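Engineer: The structure under discussion is supplied below as structure tokens; questions concerning it will follow.
The values are calculated or read from the model by the stated rules, or taken from the named source; none is laboratory data. Since this is a predicted model, take the numbers as computed values, not measurements. Cβ coordinates were reconstructed from backbone atoms using ideal geometry, including for glycine residues, and neighbour counts include every protein chain displayed.
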Amino acid sequence: MKNIKVLGGCCGNCDTVMKMIETQAKNLGVEVALEKVTDMATILGLGVMSTPGVVIDGKVVHSGSVPAPSKIDAWLKG
Amino acid sequence: MIDPFKFLADLLTIRLLGLDVTQSLGGALHFFIEDTAKIFFLLALIVFVIGLFRSMMSPERVRKLIGGKRRIVAYPAAVGLGAVTPFCSCSSIPLFIGFLEAGIPLGVTMSFLIASPMINEIAVIILASSIGLEFAVLYVVTGLTVGLIGGLLIDGMKLERYVEDYVWKIHMGEAALPEHPESWAERAAYAWGEVKSILKRLWLYVFIGIGIGAFLHGYVPQEFFTQYASADNPFAVPLAVLMGIPLYGSATSVIPVAEALLAKGVPVGTVLALMMSIAALSLPEVIMLKQVIKPQLIAIFVGILAVAFIFVGYGFNFIFS
């Protein structure tokens, strides 16, 4: 079970990322606990200034853009 | 040199539809087609090219670059970086907090916030190609100066107490710099993603801007502007600035409007003041800033900029009259 957080406030990009991860996790049959983080203090506390960001099992793996589907695949499989 | 965008507009309006471009409808349509083709082409191209290099300019990196520098270095650096990094306005808040947290003075942070929406490479290139290089340079230099002066004033007034208290309590983790796209293929994919996301966010505003520009170009007689917006009318500049405050538009979407106004003989200063006011001050921007600063500082921020833009307007109208 992977613990995944999507960081971001507005823009709508963050919702896109949530959906992408959800769909791909379903397709790959990977179990995930997906959570959206909008609180700025938490986001900055993780060292991220540009959203959307992605955190997997407590580790920041991405920030500043909607990640490529291939990247999401790699995170989910890894 | 043949201008391909003008060529396209000529072809469609004159040849295909048989319209007279000196008439209202033909003129407006010609303006609309030429500007739509030109602005969207340039927008996509520039965003893509910048996207290729964007990974070198992440906000985390900008923060590191400015942090710990003395003011004499930090101000020009903040204003310059604000100009070359067109972050989405959503990133204003994390940037603001991240900057202050890194010990960057409030004034420097504000300089960055002023310069960033007003000047960006997209607006500059489109300005240069549709209005002219001189006007583009004027816009950039003035915008940088306003950003610098605005930040210095806010610094001098010691307004730190008007920053929301929680902001000072946030502790930023050691920026775990995300891995940057390494291969050119990855960079191109990232850049293409940027083009899509920026176009998705801007297309409507750009169309509205072009629509207004085309309408002014085709349907509003020159006399209207000579009567109400000439340099002789002392109220034209403040009115332009006031009108621009609530209006939300990216610097890019205002360009067609500016282009039409200049062609109708509206003085340079008035047009500059209107453009800057629309780009730098807007309701959404104020609502966003409200999350991190108290109303007093927002009022000061809007006040300083409005006064600065009015000065810009009068100043250039005076110089060019």
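Engineer: Within the bounds of the range B:304-317, is there any residue that is touching a helix residue (DSSP H, G or I) at 6+ places or on another chain (Cβ under 9 Å), closer than 20 Å to residue B:206 by Cα and surrounded by fewer than 23 Cβ atoms within 10 Å (Cβ to Cβ)?
Structural biologist: No; the residues of the range B:304-317 include none that is touching a helix residue (DSSP H, G or I) at 6+ places or on another chain (Cβ under 9 Å), closer than 20 Å to residue B:206 by Cα and surrounded by fewer than 23 Cβ atoms within 10 Å (Cβ to Cβ).
Quick grid of which residues meet (1) assigned to a loop (DSSP other than H, G, I, E, B); (2) modelled with pLDDT under 85; (3) not aromatic (Phe, Trp, Tyr):
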residue: A:22; (1), (2), (3): no, no, yes
residue: A:34; (1), (2), (3): no, no, yes
residue: A:43; (1), (2), (3): no, no, yes
residue: A:51; (1), (2), (3): yes, yes, yes
residue: A:54; (1), (2), (3): no, no, yes
residue: A:65; (1), (2), (3): yes, yes, yes
residue: A:70; (1), (2), (3): no, yes, yes
residue: A:73; (1), (2), (3): no, no, yes
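Engineer: May I pose another question? Could you figure out which of (1) modelled with pLDDT under 85; (2) at positive phi isn't true of residue B:176?
Structural biologist: Against the list (1) modelled with pLDDT under 85; (2) at positive phi, residue B:176 comes up short only on (2).
Engineer: What helices (runs of 4 or more DSSP H), lying completely within the range B:120-230, carry at least 1 residues that are within 14 Å of chain A (Cβ to nearest Cβ)?
Structural biologist: Because the criterion is at least 1 residues that are within 14 Å of chain A (Cβ to nearest Cβ), the helices (runs of 4 or more DSSP H) in the range B:120-230 that meet it are B:165-169, B:184-219.
Engineer: Which members of the range B:187-221 meet the condition of being of a type in the set (Ser, Thr, Tyr), touching a residue at least 60 places away in the same chain (Cβ under 8 Å) and closer than 18 Å to residue B:36 by Cβ?
Structural biologist: B:219
Engineer: Would you mind telling me which numbered condition in (1) at pLDDT below 85; (2) surrounded by fewer than 17 Cβ atoms within 10 Å (Cβ to Cβ); (3) among the acidic types (Asp, Glu) residue B:165 fails?
Structural biologist: Exception for residue B:165: condition (1).
Engineer: Related question: Using the structure shown, decide if residue B:272 is modelled with pLDDT of 90 or more, closer than 22 Å to residue B:122 by Cα and touching a Ser or Thr at 6+ places or on another chain (Cβ under 7 Å).
Structural biologist: yes
Engineer: Going through B:297, B:242, B:272, B:261 one at a time, which residue ends up being touching a strand residue (DSSP E or B) at 6+ places or on another chain (Cβ under 9 Å) and in a helix (DSSP H, G or I)?
Structural biologist: B:297
Engineer: Now for a different question. So which residues in the range A:10-40 are surrounded by 14 or more Cβ atoms within 10 Å (Cβ to Cβ), more than 23 Å from residue B:193 (Cα to Cα) and within 11 Å of chain B (Cβ to nearest Cβ), if there are any at all?
Structural biologist: A:40
Engineer: Also: Please note which helices (runs of 4 or more DSSP H) are completely contained in the range B:1-79 and include at least 3 residues that are touching an Asp or Glu at 6+ places or on another chain (Cβ under 9 Å).
Structural biologist: Helices (runs of 4 or more DSSP H) meeting the threshold: B:4-10, B:24-54.
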